[in-house]
Amino acid sequence: MRVLFIPSPGLSHILPTVPLAHALQAAGHHVRYAGGGDIHAVAEAGLCGVDASPGADYAKLFIPDETDGVDPMHSDEAGVADLAAMFARVSGAVVNGALAFAKQWRPDLVVYTPTQGAGPLVAAALGIPCAELPLGPADGEEQLPSLIRAAMATDYERHAVGGTPGTRVRLMPMAPSIESLLPGPHTPGAWPVRYQPYNGGAILPEWLVEAPARPRIAVTLGTIDARWGGIAQLAPFIEAAGSVEAEFVLTLGGGDEALLGKLPQNVRVIEWLPLGVLLESCAGIIHHGGSGTIMTALVAGVPQCVIPQGSFQNIGRDVLVKRGIGFSTSSAQLGPAECRRLLEDDSMREAARDAASEAATMPPVADLVPRLVQLTR
């Protein structure tokens, strides 16, 4: 079987698809990717792909000049229709390249992330089945793919593609107690699959291999916000962290350390580490509310403090709060009290462990492979 992955361009959208790609490849199937943006991550994961949007300026695609700099993902006023219009625009950048490659390679199945509208377009054009792989709570908004499809009408017309793929399945990496809290109506029949964190490999530093001398809290803004200057918002918190009896590990994710000011002795700054491995030694995490970070922390069973940056991340925040495994604040209000809550709230810690145990009972990624094979027969 040949499987073509078409993820959204961000690193946080590409990496969560890798465990399924590895499982398919390990079972003897052929895997390729077609995408853009951070597509280099595919090669670093030992997989092969093509750049379907060479030269595309994704910063301009996400926030074009005509929107006056308004970013729907980081605006509390933006609705699902605004997000759909943005993701349709970004998806359109890879349609030509992904479809051209698919016609040449002839896959049997397409796997795509919900915000990548090129996936179902390619599947419909070739008349093959496809599987949608949500990445976390923000992708639980089931209206989004259909709204993206509507916003991509000109792309469908341009390639003379009508309708939608004949066979489409939705995978569900969120445990039932999390899925039940997602917004909007839920389509029955999604295929459950255990979330498998993947953030690449690393040579682990000695301080991470050893047990921490005091409770450790991870701090991250993911792979997008930090790079765009958002790391500066953490400077007041980092200064205040010096008064907390804990060790803090802040991942820069491409951010500029100089924006943080002078670091207290109990704050360690690193460029990057696989988050799942880091969280094995942590008692809690402070983060921006990105889907990959939420899901990795869920699997690790640690309490979460979320400082969401806008509408897309508010969905994950709401799910965590309702499930009792996290709480939310703003970067301006983040301080020692919130850190102590992460470390001392026994009910939240118990709920986090319970959620992790529930997630561990879901079918592993490898179990999906024979089911996906059946789709193509």
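Does anyone have the angle between helix 291-300 and the longest principal axis of the chain? Alpha-carbon axes, 0 to 90°, nearest 10? Approximately 60 degrees, to the nearest 10.
Using equal-weight Cα scatterers in the Debye expression, the normalised intensity of the chain in log10 at q = 0.07 Å⁻¹ is -0.30. Three principal axis extents describe the C-alpha atoms of the range 286-334; from largest down they are 27, 19, 17 Å. Neighbours of residue 151 by Cβ distance under 12 Å: Lys/Arg scored +1, Asp/Glu scored -1, total 0. Inter-label distance, residue 207 to residue 158: 4.9 nm, where each label sits 7 Å from its Cα along the C-beta direction.
Going by a ≥ b ≥ c, the root eigenvalues of the Cα gyration tensor, does the range 150-210 fall in the rounded group (a/c under 1.5), the prolate group (a/b larger than b/c) or the oblate group?
Details: a/c = 3.30, a/b = 1.74, b/c = 1.90.
Cα axes put the range 150-210 in the oblate bin.
Percent of accessible area on the range 277-377 owned by carbon and sulfur, 1.4 Å probe? After summing per-atom areas, the C and S share lands at 47 percent. Straight-line reach only, C-alpha to C-alpha below 30 angstrom: list the lysines that residue 60 could link to, leaving out same-chain residues fewer than 8 apart. Output for residue 60: 103.
Taking K and R as +1 and D and E as -1, what net charge do the other residues with C-beta under 12 Å from the C-beta of residue 174 add up to?
Local charge sum for residue 174: 0.
The 3J(HN,Hα) values that the Karplus relation (6.51, -1.76, 1.60; θ = phi - 60°) gives for the range 357-364 are, in residue order, 5, 5, 4, 5, 7, 6, x, x Hz. Gly and Pro appear as x.
Amide H contacts of residue 161: none lie under 5 Å away among residues 5 or more positions distant or on a separate chain (H built 1.01 Å from N in the peptide plane; Pro and chain starts excluded).
Accessible area, 1.4 Å probe, largest first: how do 22, 287 sort? Write out the running numbers ahead of the final one.
Values: 22 65, 287 0 Å².
Heavy-atom accessible area, descending, gives 22, 287.
Run through every distinct alpha carbon pair of the range 72-179 and return the Kirkwood hydrodynamic radius in angstroms, one decimal place. Before the final figure, lay out each step's value.
Numbers: mean 1/r = 0.0700 Å⁻¹.
About 14.3 Å for the range 72-179.
Think of the chain as having a plus end and a minus end, set by charges on the Cβ of Lys, Arg, Asp and Glu; of 332, 116, 300, 116 sits farthest toward the positive end of this dipole.
Using a 10 angstrom cutoff on alpha carbons, build the Gaussian network for the chain and name the most mobile of 313, 196, 143. Ranking 313, 196, 143 by mean-square fluctuation puts 143 first.
Just by accessible area at a 1.4 angstrom probe, what is the order of 198, 112 from largest to smallest?
Ranked list, largest accessible area first: 198, 112.
The fraction of all Cα pairs in the range 246-372 landing in successive 5 Å bins from 0 to the largest distance is 2, 10, 18, 22, 21, 13, 7, 4, 2, 1, 0, given as whole percents. In terms of the mean number of neighbouring beta-carbon atoms within 10 Å, the peptides 230-239, 317-326 order highest first as 317-326, 230-239. The Rg/Rh ratio for the range 318-377, using Cα coordinates for both the radius of gyration and the Kirkwood hydrodynamic radius, is 1.26. Basic side chains Lys and Arg get +1 at the Cβ, acidic Asp and Glu get -1 at the Cβ, and with that the dipole of the chain about its Cα centre reaches some 1160 debye.
Helical runs (DSSP H, four residues minimum) scored at -39500 (n - 2.57) apiece and divided by the length of the chain put the mean residue ellipticity at 222 nm at -11000 deg cm²/dmol.
The values are calculated or read from the model by the stated rules, or taken from the named source; none is laboratory data. What you see is a predicted model, and the numbers here were worked out from it, not measured in a lab. Here the Cβ is made from the backbone with ideal geometry for all residues, glycine too, and neighbour counts use every protein chain on show. In case anyone asks, the SASA skips ligands and DNA or RNA and just uses the protein heavy atoms, side chains included. Shrake-Rupley method; radii C 1.70, N 1.55, O 1.52, S 1.80 Å.
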